[in-house]
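Enquirer: Please find one structure pasted underneath; my questions will follow.
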Amino acid sequence: MAIITLTTDFGHKDHFVGAIKGTILNNLPEVNVVDISHEISPFNIQECAYILKNAYRAFPAGTVHIVGVDSELSPENQHIVVQVEDQFIISANNGVISLITSETIPEKVMEIDIPNINPSSFPVLNVFVEVACHIARGGKLEVIGKPFNQLKELREFEPRITNEGKSIVGNVIYIDNYGNVITNIQRSLFEAYRNGREFEVIARTNKIKNIHNSYNGIVNFNLERGQRRGPGDALALFNSAGYVELAIYKSDLKTVGGASSLLGLGYRDTVTINFL
């Protein structure tokens, strides 16, 4: 069964997601439509890329992914479809593809060129859905597009190595549902520069001297409960996607707060790792 996924900043209040799903099912009644997320912050390309980059590889070959973030067509925001690792991503050329494919090379990049399509404020519905259904039926990319070699590059969020290799300066790229703060510092980069040294993670006025492999890594289960670090304490870990993440153990963003609110961190804020 063909699979089409949806990643958008449309939310669930309006008709947009329903209209997209209805149109897909009208064209392909047997298709499996999967929601990856509709809660991307409006026009947040970095957030969109982080979520889709860490989700698409879990899908079978041939899956088609529709990206509905900053998708309105313009001379500087072309509509494109990319084949990468035997999957297909349909998006605007707004930089999201360069971030998703930062560690791999797309097999094909095509600019969507479908005759008799009128410009619209809802291109995900009247362009992306048509392309997705065409691909899901086994259609060739060459039928709906032409080769494209002008992918927009976004590199402003790459971590920087400073202080003669003694520091990695990164940025917050995503805040999850728990208020956990994800940075753009990957484990591979950390290990490449650590060289066995002690370190500290600096986030505003907060210093963390350990990076765990799980959230409960902060807990020393050999100690009595009253002597342990635990709920409410700040920690750093390598998350399942391989990035340095800051969290408050077993905290709730909607009640007492999470790492984003309690550590005072927001999107694009700086997080530094100093090797000692």
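Enquirer: Using a 7 Å offset from the Cα along the Cα-to-Cβ direction at both residue 270 and residue 58, what is the distance between the two label points in nm, to one decimal?
Expert: 3.4 nm
Enquirer: Rounded, prolate or oblate: which fits segment 3-147 when a ≥ b ≥ c are the square roots of the eigenvalues of the alpha-carbon gyration tensor, with rounded for a/c under 1.5 and prolate only if a/b beats b/c?
Expert: Rounded, since a/c falls under 1.5.
Enquirer: Return the FRET efficiency for the residue pair residue 164, residue 27: r is the Cβ-Cβ distance, R0 is 41 Å, and the value is rounded to the nearest 0.05.
Expert: After rounding, the FRET efficiency stands at 0.10.
Enquirer: Okay, moving on. What spacing in nm lies between the two simple spin-label points modelled at residue 202 and residue 255, each 7 Å away from Cα in the Cβ direction?
Expert: 3.5 nm
Enquirer: Given that just one value was derived from the coordinates, which of (1) 1.03; (2) 0.93; (3) 0.97 is Rg/Rh (Cα atoms, Kirkwood Rh)?
Expert: (1)
Enquirer: Averaging sequence separations of C-alpha pairs under 8 Å and six or more residues apart, then dividing by the length of the chain, give the relative contact order as a whole percent. Show your work: numbers first, answer last.
Expert: Numbers: 543 pairs, mean separation 41.9, N = 276.
That works out to 15 percent.
Enquirer: How high is the FRET efficiency between residue 108 and residue 19 when r is their beta carbon distance and R₀ equals 22 Å, given to the nearest 0.05?
Expert: Numbers: r = 29 Å, r/R0 = 1.30.
Step by step, r from the Cβ atoms, then E = 0.15.
Enquirer: Please identify the DSSP H helices in the chain that span no less than 20 Å along the helix axis (Cα) and have a mean Kyte-Doolittle hydropathy of 1.6 or more.
Expert: none
Enquirer: When a/c is below 1.5 the answer is rounded, else prolate if a/b is larger than b/c, else oblate, so apply that to segment 43-98 with a ≥ b ≥ c taken from the square roots of the Cα gyration tensor eigenvalues.
Expert: Working: a/c = 2.53, a/b = 1.52, b/c = 1.67.
Cα axes put segment 43-98 in the oblate bin.
Enquirer: For a footprinting-style exposure proxy, rank 37, 121, 91 by other Cβ within 10 Å, fewest first.
Expert: Details: 37 15, 121 9, 91 30.
Neighbour counts put them in this order, fewest first: 121, 37, 91.
Enquirer: Among 48, 133, which comes first, second and so on when ranked by fewest other beta-carbon atoms within 10 Å?
Expert: 133, 48
Enquirer: How would you order 15-27, 216-228, 232-244 from highest to lowest mean count of nearby Cβ atoms within 10 Å?
Expert: Averaged packing, sorted descending, gives the order 232-244, 15-27, 216-228.
Enquirer: Next question. Sort 165-173, 261-269 by packing, meaning the average of other beta carbons within 10 Å per residue, with the highest value first.
Expert: Listed from highest to lowest mean packing, they are 165-173, 261-269.
Enquirer: Looking at the chain only, what percent of DSSP beta bridges run antiparallel? Nearest 5 please. Provide the component values of the computation, followed by the final result.
Expert: Details: 40 of 55 bridges.
So the antiparallel bridges amount to about 75 percent of the total.
Enquirer: Sum -39500 (n - 2.57) across every DSSP H segment of at least 4 residues in the chain, then divide by the residue count to get the 222 nm mean residue ellipticity, nearest 500.
Expert: That calculation yields -4500 deg cm²/dmol at 222 nm.
Enquirer: Rg and Dmax of segment 166-276, Cα atoms, in Å?
Expert: 13.5, 40
Enquirer: Straight-line reach only, C-alpha to C-alpha below 25 angstrom: list the lysines that residue 250 could link to, leaving out same-chain residues fewer than 8 apart.
Expert: Those lysines meeting the cut-off are 207, 209.
Just so you know, all these numbers are worked out from the coordinates, no wet-lab data involved. Just so it is clear, the structure is predicted and the values come from calculations on it, not from any experiment. Cβ atoms come from the backbone with ideal geometry, glycine included; neighbour counts cover every protein chain shown.
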